1. Only one of these conditions is not met by A:Thr168: (1) within 14 Å of chain B (Cβ to nearest Cβ); (2) exposed (fewer than 14 other Cβ atoms within 10 Å of the Cβ); (3) under 18 Å from A:Asn212 (Cβ atoms); (4) touching a residue at least 12 places away in the same chain (Cβ under 8 Å). Which number is it?
2. If A:Leu210 passes every condition in (1) within 14 Å of chain B (Cβ to nearest Cβ); (2) open to solvent by 10 Å² or more (accessible area, probe 1.4 Å); (3) more than 24 Å from A:Pro151 (Cβ to Cβ) but one, which one does it miss?
3. Do we find that B:Leu51 is within 16 Å of B:Leu103 (Cβ to Cβ) and buried (at least 20 other Cβ atoms within 10 Å of the Cβ) in this structure?
4. Here are some residues: A:Val223, A:Val279. Which one is surrounded by 14 or more Cβ atoms within 10 Å (Cβ to Cβ), of a type in the set (A, V, I, L, M, F, W, C) and within 14 Å of chain B (Cβ to nearest Cβ)?
5. Would you mind finding the one in A:Glu251, A:Glu224, A:Glu237, A:Glu177 that is under 19 Å from the mean Cα position of the chain (by Cα) and over 30 Å from B:Lys162 (Cβ atoms)?
6. How do the strands (runs of 3 or more DSSP E) wholly within the stretch B:101-215 filter down when requiring 2 or more residues that are under 28 Å from A:Ala139 (Cβ atoms): which remain?
7. Can you tell me which residue among A:Ala227, A:Ala293, A:Ala274 is within 24 Å of A:Leu93 (Cα to Cα) and of a type in the set (Gly, Ala, Ser)?
8. Which of (1) modelled with pLDDT under 90; (2) open to solvent by 60 Å² or more (accessible area, probe 1.4 Å) is the odd one out, the single condition A:Leu48 does not satisfy?
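The values are calculated or read from the model by the stated rules, or taken from the named source; none is laboratory data. Predicted model, so just to flag it, every value in this text is computed and none were measured. Positions of Cβ are generated from backbone atoms using ideal geometry, with glycine treated the same way; all protein chains shown enter the neighbour counts. Keep in mind that these areas ignore ligands, DNA and RNA; they rest on the heavy atoms of the full protein, side chains included. Shrake-Rupley method; radii C 1.70, N 1.55, O 1.52, S 1.80 Å.
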Amino acid sequence: MTARFAWRLAVALLPLAGGVLAAVLLWNVDSLENPILYARADAGTVVLLFGAILSLFAGAGLVLRAVTDRFRAQVADARAQATEERRRFVQRLDHELKNPLTAIRAGLANLCNDQGPSVQQEALSSVEAEVLRLSRLTADLRKLAELETRPLERAPVNLAELLREAVTLAEEQPGAEARTLTLILPQAPWPLPVVLGDWDLLFLAVYNLLDNAIKFTDPGDTVEVRAVEEGTFVIIEVADTGPGIPQDELERVWEELYRGQSARGIPGSGLGLALVRAVVERHGGQVSLRSRAGHGTVVRVRLPVTSQ
Amino acid sequence: MVDRPKILLVDDEKAITANLRPFLERSGFEVDTAADGEEALAKIRTFDPDLLVLDVLMPRLDGREVLRRLRRADDWTPVILLTQVGESTERAMALEEGADDYLNKPFDPHELVARIRAVMRRARPGQPPLASAEQLVSGALRLDRRSRRAYMGAEELHLTPKAAALLEYLMTHPDELLSRERLLDVVWGWDYPAGTRTVDTRVAEIRRALDEDPSDPLYIETVPGQGYRFIGLVEAGR
């Protein structure tokens with residue numbers, strides 16, 4: 001804050017400094033003429049001028065005040081939003097931990113009670129499954145945290161090839177055979193440009209979107225992956241004819257650990273889209289999502305084509 | 001009875017040492033535990049372990065400092081670091097400071113046992129491990145670890161940073177069967193669906209750079225259905 005104030009003060013004093021410099025030159029350099037100026041005005045004009053200057057100062061003060069107020073309000077808003085998001089995150093984390101922990105405690109109680117070997121075996125395997133679930137959750141959280149800080153590999157990535165591989169892999173996923181998966185890539189006038197980025201992370205992002213599209217649609221639905229070049233960007237879209245996302249959930253889907261109402265019965269950590277967003281933003285791109293309940297969803301990834 | 005290898009397990013979390021100790025004992029090791037770095041240094045003198053499993057984050061003296069002190073005193077007892085942070089810089093640092101291997105928490109205890117056995121097999125008593133060598137040499141292949149550059153003879157190989165990291169790990173673990181999951185964890189710090197395929201892509205990249213025939217390899221062998229193994233003889237270079 002003080003550095004910014006000093007800077008502003010310097011700018012404000014600039015005209016004065018200019019005046020001083022000009023005056024010193026006019027007074028001291030013999031070759032420069034320093035004529036005496038006379039100004040004449042009637043009292044009415046002087047009063048008018050005086051009033052105008054006063055108003056100018058007052059106006060400038062007001063504008064300044066309004067700008068700082070607005071800036072302060074924005075900062076306060078952002079802070080409130082961050083606090084709110086953090087609160088929701090903690091709440092969701094609490095929820096995500098509670099269920100497996102409850103299951104583990106119940107499983108352990110069954111183990112301690114002297115029951116038959118089949119009950120014990122069942123308890124053991126359910127405890128193990130829940131522990132693995134917690135491990136996956138922490139691993140995903142770590143991924144997300146690391147994505148924001150780890151250095152990004154910037155190598156030429158052939159997106160067409162990446163999309164083909166991701167679709168091939170998604171086709172192997174259980175449930176994929178009951179859905180129609182199509183990939184539409186431009187051939188004319190030229191194929192997709194190469195982007196600079198981290199193949200693995202971009203693959204992870206695209207695969208996550210495909211995985212979601214398959215998980216959250218019904219058998220018989222269509223999943224379409226398409227990519228086009230648009231100016232200095234490549235647009236990748238993953239669209240589906242699934243049940244869609246309710247209007248009131250749309251804003252939240254990118255948040256960490258958010259799980260929509262309809263996602264409750266489907267396995268997942270609620271970190272997939274957050275990861276997608278983190279990857280795309282690290283590449284200087286943006287993500288957006290449109291959905292209509294009952295019709296389907298399309299996720300749009302916009303990646304800059306950075307020339308080397 | 002044959003002498004059982006002695007392991008000193010150092011972690012400030014009692015729950016971890018209390019559960020790992022019997023597991024390691026059942027796996028054929030003699031185990032002692034320490035709750036922090038200072039206790040670890042004291043126990044090293046009295047217990048004289050064959051290998052240390054060392055947690056990084058501990059009160060008083062952390063694992064990294066214990067490792068540093070040991071190596072400075074020219075003590076090359078094999079060390080496996082238990083890291084919490086998955087960042088690649090953190091892991092690179094672990095190796096640079098003379099750890100023989102590392103494992104990310106939370107881990108599968110079977111994986112720890114596998115790692116202990118592999119490190120013990122590789123260890124050369126009283127000598128620095130390959131993991132702390134600045135240069136690794138295998139035939140005409142030379143890897144400078146500081147700059148992460150690989151050379152074949154005098155010619156530099158063009159490898160992406162991840163392929164170089166993968167080659168480095170393979171060369172510091174010669175003759176060891178490394179699963180794709182393990183390699184993925186090493187180079188990326190985390191696992192993800194389809195990740196194992198990524199390992200294949202990177203291995204293919206290394207092989208192209210080495211001009212190696214996968215069906216008759218000099219350096220990297222594919223173990224079908226299991227992973228990869230560096231089969232070249234690796235020595236520390238100067």
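1. Here A:Thr168 clears every test but (4).
2. Evaluating A:Leu210 over (1) within 14 Å of chain B (Cβ to nearest Cβ); (2) open to solvent by 10 Å² or more (accessible area, probe 1.4 Å); (3) more than 24 Å from A:Pro151 (Cβ to Cβ) leaves (2) as the failure.
3. So B:Leu51 passes the test.
4. Among A:Val223, A:Val279, only A:Val279 is surrounded by 14 or more Cβ atoms within 10 Å (Cβ to Cβ), of a type in the set (A, V, I, L, M, F, W, C) and within 14 Å of chain B (Cβ to nearest Cβ).
5. Numbers: A:Glu224 fails: under 19 Å from the mean Cα position of the chain (by Cα); A:Glu237 fails: over 30 Å from B:Lys162 (Cβ atoms); A:Glu177 fails: under 19 Å from the mean Cα position of the chain (by Cα).
Result: A:Glu251 is the single residue among A:Glu251, A:Glu224, A:Glu237, A:Glu177 that is under 19 Å from the mean Cα position of the chain (by Cα) and over 30 Å from B:Lys162 (Cβ atoms).
6. B:101-104
7. On the way: A:Ala227 fails: within 24 Å of A:Leu93 (Cα to Cα); A:Ala293 fails: within 24 Å of A:Leu93 (Cα to Cα).
On inspection, the qualifying residue turns out to be A:Ala274.
8. (1)
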